[in-house]
1. Run the dipole for the chain about the Cα centre, Lys and Arg Cβ at +1, Asp and Glu Cβ at -1, nothing else charged, and hand back the magnitude in debye, nearest 20.
2. Could you please tell me the mean projected area of the C-alpha convex hull for the stretch 481-560, averaged over all directions and given in square nanometres to one decimal?
3. Which of rounded, prolate or oblate describes the stretch 213-357 when judged by the alpha-carbon gyration tensor and an a/c cut-off of 1.5?
4. Tell me whether the stretch 368-449 comes out rounded, prolate or oblate; compute the Cα gyration tensor, take square roots of the eigenvalues as a ≥ b ≥ c, and use a/c under 1.5 as the rounded threshold.
5. Extent of the chain along each principal axis, from alpha carbon coordinates, in Å, largest to smallest?
6. Which percent of the Cα-Cα distances in the stretch 170-265 go past 21 Å?
7. Once the Cβ-Cβ distance between Ala68 and Tyr254 is put in as r, and R0 is 56 Å, what FRET efficiency do you end up with, to the nearest 0.05?
8. Given a 1.4 angstrom probe, what's the average accessible area per residue across the stretch 493-560, in square angstrom?
Amino acid sequence: MKKQFTLIMLGLLMPFLAWNQVPRMLLSENFTSTTCGPCAAQNPAYDALLNANQDKITSIKYHMSWPAPGNDPMYLHNTVDNNARRTYYNINSVPHLYMSGNLFHGMPSQVSQTMINNYSANNPSPFEIFLQHRVSDDQDSVYVTMQIRADQAVSGNLVAHIAVIEKNVSFTSPPGTNGETQFHNVMKALIPSRNGTSLPDFEEDDYYIVEAAWKLANVYDINEIAAVGFVQDNTSKHVHQAANSSIGPLTPFYANDAAVISINNTTSVNCSGTMEPVIQIVNYGSTPLTSATMEFFVNGESVHTMEWNGSLDFLQKATIDADEIEFILQDENTLEINVTTINGSSDEYPKNNTISYEFIQSPNINGEAVSLFILLNNAPEETSWELLNHIGEVIQSGGPYSTPNSIINQPLEVSDLGCYEFVIYDAGGDGLCCGQGTGYYAIIGGSEPLFTGQSFTTHERNQFAYGYVGQDELSESAKVNIYPNPIEAGNTIYFDLNKSAEVKVNLFSVTGKQLAELTMGKLNAGTHSLGQLTAKLTKGMYILTLEYDGQKQIEKISIQ
């Protein structure tokens, strides 16, 4: 009786267990060409099979440059993205297809209705994907939004891909040598790039949103533009789920849900102990986002809190200038920004409320020449730069330039003590890589690069600390012992002299601003106090210079 009852309960549960499984949409990635005879022979039957199974399988067709003469117009329209997927799968013949990455690969003629039924029914997906595309009002661009939600925990080398496709392309006469005139789901572009968007590991009910756009090019019929999205594991090449786009609105998963999606105007190398980050927030909820409280942490310590007010509907974004934040620099640092409340209450999905940024403290360049190196790309007229001193004055600049792919080697005009900021600009908004060829820049201190850059948008900024020109490094035995360091705010710093000497002390901010000067005269050997300089300092980082016996010692002092 107990066994019979157990079987009855299992039978009752089975519909609910099956309902919790997400149906898999298979993905067929086809490689074809208008110069391929077997493609023309196999494509019609396979296209009919795809059309009969639109609820089970979707496709993307990549056009190749072979067989000769390699003049397929749909290949020539986007050689980079077509070749990217060919290389990804190591394709060397057409026609060829990969089904959901690693379920099957071979010729279209080898795919049957039974195969599609079995792969679809026996491989439930851990993901739901919802995809929307929208052509701009001026019919210049297409915008695609991809919602990915996990039905169970998923980990791996996960990537989200979006392919803009033209669903039907018709020619009145064959564009190639194989006689075909009808083509379907032709790949136009992989967005936001051919490498896709890296995804985090997912826990059950986690979600991720990808937004991308493409400026239309070489489109035969704008009314046939759509998109296919899929999630793939780059290690196994397994496609977990795919989806076709629609023009209907997406449904938010939560009512109150905001996210921080980017930090800009930061410095990956810092010497000032300050930053003016610009952040972007987005409303992922169904309720309009009208207010948010954001807290800024550096190395786990709260350094700034700010309030934002506005009005954002679903998927609308706001760019927020956080003003200047100050912090105590360490060798390695983490800036973390956390949205603590939205619309006066807690966020229903807090996992996307925090974003972090890693940066390091600049080494002090002492007495060495500093120079700028730039390898320009194909658009030198877009590149310019500025060098700012510690009070934000532009003391040197360069560009725009005129010779593509040329090299700029420019000494930088730095003086003795200061924290300098270098800013490079790109008027095209794509940095030095890779929209207009490949270039890069570097700031060189002596013979070592202090920092380099290549991939940015409109501008990128970084800092470097420059010490006293011509000052030799003191040996450990010659140095004066300055202590304690770090020190609690309100306490006094001391130093020990091993012989009598004339002593002069200067105190600077880390930006190079002189805060105090103290001429102490001739002091006897022994311990001496700097209380008149340091006892009233607030917490932060400072530069102390101690001149004695014809030598100058530079120390960073941390007040905690």
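1. Computed about the Cα centre, the dipole is about 1700 debye.
2. If I average the Cα hull's projected area over directions, I get 4.6 nm².
3. prolate
4. The shape class here is prolate.
5. In descending order, the Cα extents are 98, 75, 44 Å.
6. On the way: 2457 of 4560 pairs.
Percent of Cα pairs beyond 21 Å in the stretch 170-265: 54.
7. Details: r = 55 Å, r/R0 = 0.98.
Efficiency for this residue pair is about 0.55.
8. On the way: 3330 Å² over 68 residues.
Computed with neighbouring chains in place, this is 49 Å² per residue.
The values are calculated or read from the model by the stated rules, or taken from the named source; none is laboratory data. All values reported here derive from a predicted model rather than from experimental measurement. A quick note on method: Cβ atoms are made from the backbone with ideal geometry, for glycine too, and the neighbour counts reach across all protein chains shown. Heavy atoms of the whole protein, side chains included, go into the accessibility calculation; ligands, DNA and RNA do not. Shrake-Rupley method; radii C 1.70, N 1.55, O 1.52, S 1.80 Å.
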